[in-house]
2 protein chains.
Amino acid sequence: MFSIFEIMKTNLNFSVTILGNSAAIPTKQSHLSSQLVKNNNDYFLVDCGEGTQMQLIRYKTKYHKIDNIFISHLHGDHFFGLIGLISTFHLQGREKPLSIFGPKELQEIIEFQLKIVQTDLKYKLIFHHIQPNKYDQIFENKSMIVYSFPLVHRIPTWGFRFEQKPQKLNIKKDFVNSFKPSIDEILCIKNGQDYITDDGSVIPNNEITIKPPKPLSYAYCSDTRYDESILDYISGVSLLFHEATFDNTMQDLAISKYHSTAKDAATIATKGKVSKLILGHFSARHKERSQLLEEATEVFRNTILSVEGMEYTIQP
Amino acid sequence: MFSIFEIMKTNLNFSVTILGNSAAIPTKQSHLSSQLVKNNNDYFLVDCGEGTQMQLIRYKTKYHKIDNIFISHLHGDHFFGLIGLISTFHLQGREKPLSIFGPKELQEIIEFQLKIVQTDLKYKLIFHHIQPNKYDQIFENKSMIVYSFPLVHRIPTWGFRFEQKPQKLNIKKDFVNSFKPSIDEILCIKNGQDYITDDGSVIPNNEITIKPPKPLSYAYCSDTRYDESILDYISGVSLLFHEATFDNTMQDLAISKYHSTAKDAATIATKGKVSKLILGHFSARHKERSQLLEEATEVFRNTILSVEGMEYTIQP
């Protein structure tokens with residue numbers, strides 16, 4: 001009935017920008033853990049190691065759009081940059097609230113520092129305490145749901161799963177051009193209703209709409225030891241970020257330090273049937289990371305190394 | 001008696017490396033307050049804004065030599081990087097103690113964070129609480145004395161004055177070559193004693209020694225409003241670092257925010273009869289800093305703008 005080469009799109013641009021991929025200690029090239037997850041105009045920050053605000057500036061992110069920050073655990077390389085970012089927002093006159101998801105002690109640390117430096121924030125800081133030992137929905141807005149889940153590290157640590165919500169139907173552009181439906185009618189069609197023309201004839205919904213793309217998902221796992229208990233939480237995601245602190249020669253160290261090797265990460269990706277794997281949280285020992293990539297791709301082919309400053313689009 | 005073109009030198013290499021010169025908020029080019037003061041092999045860190053450890057790495061400083069850190073005040077841009085640096089030293093296996101000079105609340109903040117992140121440091125952290133409202137000697141070793149003094153800011157804030165101790169006499173090399181004095185004899189001569197030759201004749205000390213260069217001094221004043229009460233503390237220093245947050249058009253803002261203009265800094269330098277002035281702590285508004293330099297040099301000619309990564313030798 002209608003050509004489909006032009007459609008009214010409601011596709012969301014879902015991506016992750018790596019701000020820091022170094023484990024524990026920064027190096028000349030690598031910064032501490034942090035990444036910016038974007039779903040169109042929703043900006044989420046995941047972890048906030050020291051220097052995150054500088055990286056956000058360096059890579060020209062519109063970081064004022066960040067309204068939700070997720071902190072995986074209380075090792076300094078994952079959150080020592082948070083107080084600085086909170087202060088900068090304050091100095092820049094932020095007024096809208098900022099939500100922070102993390103263990104309850106994070107709230108104590110931030111509030112204690114704000115008290116001592118006598119800063120009365122101009123905006124509201126809302127802390128959400130993540131519950132231990134469960135898969136939990138911790139955030140929802142009109143287009144995204146975020147879940148937390150337990151990882152296996154020396155201290156309580158959480159992974160995060162970002163799930164796009166199913167999008168509404170797309171309307172074929174030819175139909176819009178021909179029939180000039182009202183805004184109300186467009187909303188009804190996008191919700192699945194048929195269209196009734198001025199002369200009373202019915203055009204079935206499936207003739208004038210295109211199904212939206214399948215919702216995408218992204219999971220963040222850092223820091224964690226190899227543990228198959230996390231498979232349920234990350235299964236089938238479009239993109240999995242998994243820490244790969246060490247190479248295979250350091251398997252014993254990985255176990256004792258509660259970290260993963262590149263091969264561990266790839267094994268989780270394979271067993272979790274994810275679409276794509278991105279490695280990060282590299283030990284400063286591994287200046288040459290091609291070895292890590294090689295070890296991972298032997299197990300899971302669709303693996304890439306994270307590069308700081310790169311924005312990775314999450315694809316079907 | 002002896003030619004003087006070659007002498008046994010005991011001159012110390014005294015310098016300051018600027019790690020960050022941005023006020024309050026980092027920018028793409030400028031980092032938060034921190035500088036490395038070196039007196040030969042003694043490394044002192046002055047202030048430690050977020051990202052200081054990255055700057056120390058970036059500029060290839062031998063930052064493990066830092067044994068003493070001085071924090072001017074508890075505004076975040078001057079100390080939020082301290083916990084990260086302390087943690088990195090720990091992760092790198094530091095064993096020697098680290099002294100931190102600052103207000104007593106600084107100890108509370110650091111210890112509270114170390115407790116929450118469950119870090120039991122491998123080395124000893126020694127806090128020295130700076131006393132308010134007085135000029136106070138807070139550090140001394142064989143070649144350097146450091147004083148703290150009150151600045152005029154919104155919260156208790158200290159400046160620091162680094163004073164080289166007078167050095168011992170230099171011995172003329174010709175004398176050493178001719179008479180081959182023992183180590184003990186060299187030490188006696190350097191302390192001013194005459195030399196008695198094998199045949200019993202006396203060579204007066206002033207014939208075989210050269211007076212060492214005059215001790216040098218460096219003062220750090222950031223953050224502060226223009227206030228002549230600090231003149232006594234900084235008078236006659238070889239190099240004065242003074243904050244110059246604003247230009248002259250923002251004089252009122254400088255007063256209300258307890259900061260200085262470039263002209264304020266230059267006026268302090270003039271009245272304090274210092275040898276040289278270096279400006280820093282620039283507001284992010286001043287991307288073009290030549291205006292600040294112009295305004296300062298109109299009042300005090302020997303002024304320079306601090307540049308990050310530059311090491312400035314402190315000279316007579």
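The values are calculated or read from the model by the stated rules, or taken from the named source; none is laboratory data. Bear in mind that the values here come from a model prediction, so they are computed numbers and not experimental data. Positions of Cβ are backbone-derived with ideal geometry, glycine not excepted, and every protein chain shown enters the neighbour counts.
Close Cβ contacts (under 7 Å, 6 or more residues apart or on different chains) running from residues in region A:176-192 that are of a type in the set (Gly, Ala, Ser) to residues that are modelled with pLDDT under 90 and part of a loop (DSSP other than H, G, I, E, B) are absent. Based on this model, can you work out whether A:ALA284 counts as in contact with a Lys or Arg (Cβ under 9 Å, 6 or more places away or on another chain), of a type outside the set (Val, Ile, Thr) and either closer than 23 Å to A:TYR59 by Cβ or surrounded by 19 or more Cβ atoms within 10 Å (Cβ to Cβ) (or both)? No, not satisfied.
For region A:54-81, the set of residues classified as in a helix (DSSP H, G or I) and more than 17 Å from A:THR157 (Cα to Cα) consists of A:MET54, A:GLN55, A:LEU56, A:ILE57, A:ARG58, A:TYR63, A:HIS64, A:LYS65, listed by residue number. Checking each residue in region B:87-118 for being at the interface with chain A (Cβ under 9 Å from one of its Cβ atoms), part of a helix (DSSP H, G or I) and not aromatic (Phe, Trp, Tyr) picks out B:SER87, B:THR88, B:LEU91, B:GLU105, B:LEU106, B:GLU108, B:ILE109, B:GLN113, B:ILE116. When the test is whether a residue is more than 19 Å from A:PHE44 (Cα to Cα), of a type in the set (Phe, Trp, Tyr) and either within 24 Å of the chain's Cα centre (by Cα) or within 14 Å of chain B (Cβ to nearest Cβ) (or both), A:PHE175 does not pass it.
Can you find, within region B:164-215, the residue that is modelled with the lowest pLDDT among those that are in contact with a Leu (Cβ under 8 Å, 6 or more places away or on another chain) and within 30 Å of B:ILE71 (Cα to Cα)? The extreme case among them is B:GLN167. Within region B:46-75, the set of residues being of a type in the set (A, V, I, L, M), in contact with a His (Cβ under 9 Å, 6 or more places away or on another chain) and facing another protein chain (nearest Cβ under 7 Å) comprises B:MET54 only.
This table checks each residue for (1) farther than 20 Å from B:ILE71 by Cβ; (2) in the same structural domain as B:LEU32 (by TED's automatic domain parsing); (3) surrounded by 16 or more Cβ atoms within 10 Å (Cβ to Cβ).
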| site | (1), (2), (3) |
| --- | --- |
| B:ASP223 | no, yes, yes |
| B:ILE234 | no, yes, yes |
| B:LEU239 | yes, yes, yes |
| B:ASP252 | yes, yes, no |
| B:LYS263 | yes, yes, yes |
| B:THR303 | yes, yes, yes |
| B:GLU308 | no, yes, yes |
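For A:SER143, state whether it is closer than 21 Å to A:LEU56 by Cα and either more than 9 Å from chain B (Cβ to nearest Cβ) or among the hydroxyl-bearing types (Ser, Thr, Tyr) (or both). Criteria not met by A:SER143. Scanning region B:128-136 turns up no residue that is more than 14 Å from chain A (Cβ to nearest Cβ), modelled with pLDDT of 95 or more, assigned to a strand (DSSP E or B) and surrounded by 19 or more Cβ atoms within 10 Å (Cβ to Cβ). Of the helices (runs of 4 or more DSSP H) lying entirely inside region B:203-316, those containing at least 2 residues that are farther than 21 Å from B:ILE18 by Cβ are B:205-208, B:231-234, B:251-256, B:262-271.
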